[in-house]
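Participant: Input: one structure, supplied below.
The values are calculated or read from the model by the stated rules, or taken from the named source; none is laboratory data. The model shown is predicted, which means the values in this text are computed figures rather than measured ones. Quick note on the areas: whole protein, heavy atoms, side chains included, nothing else; ligands and nucleic acids left out. Shrake-Rupley method; radii C 1.70, N 1.55, O 1.52, S 1.80 Å.
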Amino acid sequence: MSSSFAELGLLPALVRALGERGYTTPTPIQTQAIPAVLEGRDLLAAAQTGTGKTAGFTLPLLQRIAQIDFGRQNGKAKIRVLILTPTRELAAQVEESVRHYGKYVDVKSMVMFGGVNINPQKEKLNRRVDILVATPGRLLDHVGQKTIDLSGIDTLVLDEADRMLDMGFIRDIRRILPLLPADRQNLLFSATFSDEIKTLAAGILNNPLEIEVARRNTPAELVTQRVHPVDRDKKRPLLERLIRDGDWHQVLVFTRTKHGANRLAEQLDKSGISALPIHGNKSQSARERALREFKDGSLRVLVATDIAARGIDIDGLPHVVNYELPNTPEDYVHRIGRTGRAGASGEAVSLVCVDEFKLLADIEKLMKRRLEQVVLPGFEPDLSVAPEPLRKAREPRPPRQKPAGGNARGGAGGGKPGGRSEGPAKQPQPKPRPKAGSGPKPAGSPEANGNRSGNRGGGQPGGGNGGGGNSKRGNSGHRDGSRRPGGSGGRAG
Ligand code: AMP
């Protein structure tokens, strides 16, 4: 294992920028990914946020662009790297990383997502852009308006590919693939590997290097997790108590729906605990403001939905609260991964009412452990309460239909990735049936039976069918490892 970034072959200019951020030792995924990407290889990486994956691909891609300047001088440069992400927050953070790490090299980057006016993006596209970080919907808006040229793409990165499929972006991805040169490098990052992801990967990747890394901050180890069983109508007072008594000052709270996030933030704020919601129905500026104030410590509580929180990366965030458990256990892992980042310890607390015991059981199954349950005095759950169906937190994304202009709603257009899949649709869910008996402390233990209510993936639009389609690069078997930085020789000029 290489012990420094320089030993991995990175340029001094990149190593210097890393040093300024305090990064001296590559994480395991960086150690494996950086040399492979520098070589031009395809990559299939099983890695979640928290592993350092972003630097794992941005650093070598910056280097490849910095080293080869393909006619930039005569103004004919085309976009060389396309990074697709599921959400605007993630897109913004990835592009921020590109700028930070690329501080001392001559590489220009741009981020593009929906929900904001498209015109400034068009203007920016008239200037040089080497690395484009985009959400699929808005990218297609530009394609539709012929304001973008993807014919120079040398590397495609699909970041959080599983989430993109979950959010119904498969069709958009399939529309984008044929617009790219067939001979290109492809990097696919995904936390999970469903059949759909495997199919997509098989259709895109060419003899990829497969990397699998455990989370650097394994939640089970670094994040203290605790469940407070509580009645559904006592959650808010309990949360207020926890925040006040614990003197918590930076708390990321998760709700299942946008509406729930709004309501909770408003109520907390009224009770004197400063709070703002962040979700897909908020304007970009409202989201940015909330995040900024939360990061700088002037906002005590940020109430987020899963999708909006995707990619939120706050150094040293001490507290995550699951005000409501997510439908899918993987989301729980993502949520608690917002704390305990980069090796710091953190605390994740879940307020669980009788309706959620089945969800808790699913989480414990995934984590392969029981979570400690603590009933707090004054908040003992009423064990005679019957569970109620949960509101559905996720909706598969409807097919995209219109080439959105700069509409704030984002419409079906992935323009607004955060904006669609969290709707508080009132579809009834299978009733969770807690079964008394073997479970831990409070009655109606989370040891439930029946089906998971948060069926994931199964019915995704465009799901399940072959990812291959038109996405092939053709038989470029020669590419394996033989493609030097700069790739396909004569093309990109
Ligand atoms: P990511 O998995 O890309 O979301 O990164 C997780 C966090 O680790 C981010 O806050 C990065 O800035 C940070 N990070 C990435 N690489 C390193 C490194 N080599 N040393 C320390 N921190 C890092």
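Participant: When the accessible area of region 275-378 is computed with all protein chains present and a 1.4 Å probe, what percentage of it is carbon and sulfur?
Facilitator: Working: 1610 of 3250 Å².
Looking at region 275-378 in its full context, I get 50 percent from C and S.
Participant: Here's another thing I want to ask about it. Accessible area per residue of region 283-367 at 1.4 Å probe, in Å²?
Facilitator: 27
Participant: For region 9-62, how big is the tail of P(r) above 13 Å, as a whole percent of Cα pairs? Let's see the in-between values first.
Facilitator: On the way: 798 of 1431 pairs.
Across region 9-62, Cα pairs with separations above 13 Å total 56 percent.
Participant: Normalised by the number of residues in region 1-150, what is the relative contact order in percent for Cα pairs under 8 Å and 6+ residues apart? Kindly include the intermediate steps, with their values, before the conclusion.
Facilitator: Working: 205 pairs, mean separation 35.5, N = 150.
Averaging sequence separation for qualifying contacts and normalising by length gives 24 percent for region 1-150.
Participant: In addition: May I ask you to give the solvent-accessible area per residue for region 34-178, in square angstrom, as obtained with a 1.4 angstrom probe? Don't jump to the answer; show the numbers that get you there.
Facilitator: Values: 4160 Å² over 145 residues.
On a per-residue basis, 29 Å².
Participant: Which cross-chain or sequence-distant (5 or more) residues have an amide H under 5 Å from the amide H of His228, H modelled 1.01 Å from N in plane?
Facilitator: Here Ser350, Leu351, Val352, Val374 satisfy the definition.
Participant: Considering only Cα-Cα distances, which of the following residue pairs are longer than 28 Å: Lys270/Lys295; Lys78/Lys258; Lys235/Lys365; Lys235/Lys358? Please list the in-between numbers first.
Facilitator: On the way: Lys270/Lys295 21 Å; Lys78/Lys258 39 Å; Lys235/Lys365 24 Å; Lys235/Lys358 18 Å.
Pairs exceeding 28 Å: Lys78/Lys258.
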